[in-house]
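Since the structure comes first, as structure tokens, the remarks are kept for the end.
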Amino acid sequence: MADALHIVCPHCDAINRVPRQRLRDGAKCGSCHRVLYEGRSVALDNVVRFDKHAKHSDVPLLVDFWASWCGPCKAMAPIFEQAAPQLEPDVRLVRMNSDAAPELLQRFGIQAIPTLMLILHGREIARQSGVMPLPRLLAWTREHADGIKA
């Protein structure tokens, strides 16, 4: 399979090997048979899931670190969701509740939320704190994601 990418399933967390050209054609997971990209963000609820997606996916992850009690996080949530269908499958959007995994805040030195972080193979590529309007979020993500694809 030339030019294949590893894509972690947002449903069962299985690692799939998918030809790059099939990503936009409704590629499905080999384990659970569900679509790998649905045009919405993926809620990760623990460090184990986060690490699997962050380390094993060959497309960048755009991570929204948020908390339910955070007003700016609530303002950012619908903007983040609107970005998903525009950025996928070039970027996977995931939401990580900081209260469910405070060790990730410590690991990445996150001191404010919401914080958006672009990650590839477990390595931070770019970071931005605070609420961003959709056009700025799209531009920022594309600027930093260009050229880092596997």
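Taking (1) in a helix (DSSP H, G or I); (2) at pLDDT below 95 in turn, Ala100 satisfies each apart from (1). Return the residue satisfying two criteria in turn: it lies in the stretch 68-96 and is part of a loop (DSSP other than H, G, I, E, B), surrounded by fewer than 20 Cβ atoms within 10 Å (Cβ to Cβ) and touching a Pro at 6+ places or on another chain (Cβ under 9 Å), and of such residues it is modelled with the lowest pLDDT. It comes out as Asp90. Total residues in the stretch 42-67 satisfying the condition of being in a strand (DSSP E or B) and either of a type outside the set (Phe, Trp, Tyr) or in contact with an Asp or Glu (Cβ under 7 Å, 6 or more places away or on another chain) (or both): the figure is 7.
Given the structure, is Gly39 assigned to a loop (DSSP other than H, G, I, E, B), more than 16 Å from the chain's Cα centre (by Cα) and surrounded by 13 or more Cβ atoms within 10 Å (Cβ to Cβ)?
no
Being over 26 Å from Arg22 (Cβ atoms) and either in a helix (DSSP H, G or I) or not hydrophobic (A, V, I, L, M, F, W, C) (or both) is a property that Leu137 has. Beta carbons closer than 8 Å, at least 6 apart along the sequence or on distinct chains, pair a first residue in the stretch 11-25 that is at positive phi with a second that is assigned to a helix (DSSP H, G or I) for Asp13/Arg49; Asp13/Lys52; Asp13/His53. If you go through the stretch 86-111 and pick out every residue that is under 11 Å from Gly39 (Cα atoms) and over 12 Å from the mean Cα position of the chain (by Cα), you end up with 1.
The values are calculated or read from the model by the stated rules, or taken from the named source; none is laboratory data. For clarity, every value in this text was computed on a predicted model and none was experimentally measured. Note: ideal-geometry Cβ built from the backbone for every residue, glycine included; neighbour counts use all protein chains shown.
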